[in-house]
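Novice: Take a look at the following structure, please.
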Amino acid sequence: MKLFRCGDVVPGCAATFRAVEEDEILGAVGEHAVRDHGVQPDDAMVARVRRLVVVEPEP
Ligand SMILES: [Zn+2]
């Protein structure tokens, strides 16, 4: 499972995204950015999110 924390990009945002595939996370993050931050994701933001996606250790 992969994990992205929006707070790594937007300080104070508590939203987290988990998915098996990085592309699923990017889709969800894109919707979240538009809906909750009023930001249209551009290539630089997508690249930043990709760098910050971490693989979550299995429990
Ligand atoms: Zn956020």
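Novice: Condition first: within 14 Å of the ligand (Cβ to nearest atom), open to solvent by 50 Å² or more (accessible area, probe 1.4 Å) and either under 12 Å from Glu56 (Cβ atoms) or of a type outside the set (Val, Ile, Thr) (or both). Now tell me which residues in the range 21-39 satisfy that.
Specialist: First, pick out the residues of the range 21-39 that are within 14 Å of the ligand (Cβ to nearest atom): 25-26, 28-39.
Checking the rest, the ones that are also open to solvent by 50 Å² or more (accessible area, probe 1.4 Å) come to 31, 34-39.
Residues satisfying the conditions are Glu31, Arg35, Asp36, His37, Gly38.
Novice: Can you find even one residue in the range 26-42 that is of a type in the set (D, E, K, R) and in contact with a Leu (Cβ under 9 Å, 6 or more places away or on another chain)?
Specialist: Filtering the range 26-42 down to residues of a type in the set (D, E, K, R) leaves 31, 35-36, 42.
Imposing the further condition that a residue be in contact with a Leu (Cβ under 9 Å, 6 or more places away or on another chain) reduces the set to none.
Taking every residue of the range 26-42 in turn, none turns out to be of a type in the set (D, E, K, R) and in contact with a Leu (Cβ under 9 Å, 6 or more places away or on another chain).
Novice: Among the residues of the range 13-20, is there at least one that is in a helix (DSSP H, G or I) and either surrounded by 12 or more Cβ atoms within 10 Å (Cβ to Cβ) or within 9 Å of the ligand (Cβ to nearest atom) (or both)? Don't jump to the end; show me each part of the working.
Specialist: Taking the range 13-20 and keeping what is in a helix (DSSP H, G or I), we get none.
Looking for residues that are in a helix (DSSP H, G or I) and either surrounded by 12 or more Cβ atoms within 10 Å (Cβ to Cβ) or within 9 Å of the ligand (Cβ to nearest atom) (or both), one finds none in the range 13-20, hence no.
Novice: Then there is this: With the requirement that a residue be in contact (Cβ under 8 Å) with a residue 24 or more places away in the chain and basic (Lys, Arg), what does the range 23-59 give you?
Specialist: Of everything in the range 23-59, those that are in contact (Cβ under 8 Å) with a residue 24 or more places away in the chain and basic (Lys, Arg) turn out to be Arg48, Arg50.
The values are calculated or read from the model by the stated rules, or taken from the named source; none is laboratory data. Predicted model, so just to flag it, every value in this text is computed and none were measured. Here Cβ is always computed from backbone atoms with ideal geometry, including for glycine, and neighbour counts include all displayed protein chains. Quick note on the areas: whole protein, heavy atoms, side chains included, nothing else; ligands and nucleic acids left out. Shrake-Rupley method; radii C 1.70, N 1.55, O 1.52, S 1.80 Å.
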